[in-house]
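Reviewing the structure listed below.
The values are calculated or read from the model by the stated rules, or taken from the named source; none is laboratory data. Small disclaimer: the values here were computed from a predicted structure and weren't measured. Glycine also receives a Cβ, built like all others from the backbone with ideal geometry; neighbour counts cover every protein chain displayed. Side chains are part of the model used for accessible areas, which takes the heavy atoms of the whole protein and leaves out ligands, DNA and RNA. Shrake-Rupley method; radii C 1.70, N 1.55, O 1.52, S 1.80 Å.
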Amino acid sequence: MAPKKDPKAPAKKAEPAPAPAAAPAPAPAPAPAPAAAPAVDLSSVKIEFSADQIEDYREAFGLFDRVGDNKVAYNQIADIMRALGQNPTNKEVNKLLGNPSAEDMAQKRVEFEAFLPMLQTIINSPNKAGFEDYVEGLRVFDKEGNGTVMGAELRIVLSTLGEKMTEAEIDALMTGQEDENGCVNYEAFVKHIMSV
């Protein structure tokens, strides 16, 4: 009976051979590594600003330069864009900067010439929401149909959905928005947010 066991043993050895063939299939997995790089090639962005606009932007950029080297920290880019009338999310700005670490956000600096393509990208961004979009989103929470939402409910939404806000940010945003019943007129609230 020993000869019968020998033919079965090679068959078992042959079975593991196909398993290594399956192992090379996961080899393409390193593809996600390039995702850490900026998704936007800023060198290919065409600057469409007039000379007057560029000078205005340079002046605003200079106001954020605290060192005097004509550069600003990564963590100031979103603030500059907001000062220039744009409303990028932190996620959008981080993507433009190549998803830097918190340390890089505080320490790395950007020159004005590198900032312009970032600003152009945000301005050209197709997913800009308007006044009606925000009002429509808040109307979902208007249970009585009277143009108001509960301030407490709005605070919960701001702290839990989308780009989550801190309590301090929410308090600053909600200052003076709630009436004596704790309700917020959401059309006035959206106008307030869009004007800040």
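Given a 1.4 Å probe and the protein chains all in place, what does the accessible area of E163 round to, in Å² to the nearest 10?
Roll a 1.4 Å probe over it and E163 shows about 90 Å².
Structure shown: which of K46/K164; K46/K108; K164/K191; K91/K191; K108/K191 lie over 26 Å apart, alpha-carbon to alpha-carbon?
Working: K46/K164 32 Å; K46/K108 24 Å; K164/K191 20 Å; K91/K191 23 Å; K108/K191 34 Å.
K46/K164; K108/K191, as the Cα separations exceed 26 Å there.
Given a 1.4 Å probe and the protein chains all in place, what does the accessible area of Y57 round to, in Å² to the nearest 10?
We get 30 Å² for Y57.
How high is the relative contact order of region 58-196, given as a whole-number percent (alpha carbon pairs under 8 Å, six or more residues apart)? Working shown, then result.
On the way: 106 pairs, mean separation 27.0, N = 139.
Computed value for region 58-196: 19 percent relative contact order.
Mind ordering 143-149, 176-182 by average Cβ neighbours within 10 Å, highest first?
Working: 143-149: 13.4, 176-182: 10.9.
So the peptides 143-149, 176-182, ranked by packing, come out 143-149, 176-182.
Using a 1.4 angstrom probe on the protein heavy atoms only, could you order F49, F112 from most to least accessible area? Please report the intermediate quantities before stating the final value.
Working: F49 30, F112 10 Å².
Correct descending sequence by accessible area is F49, F112.
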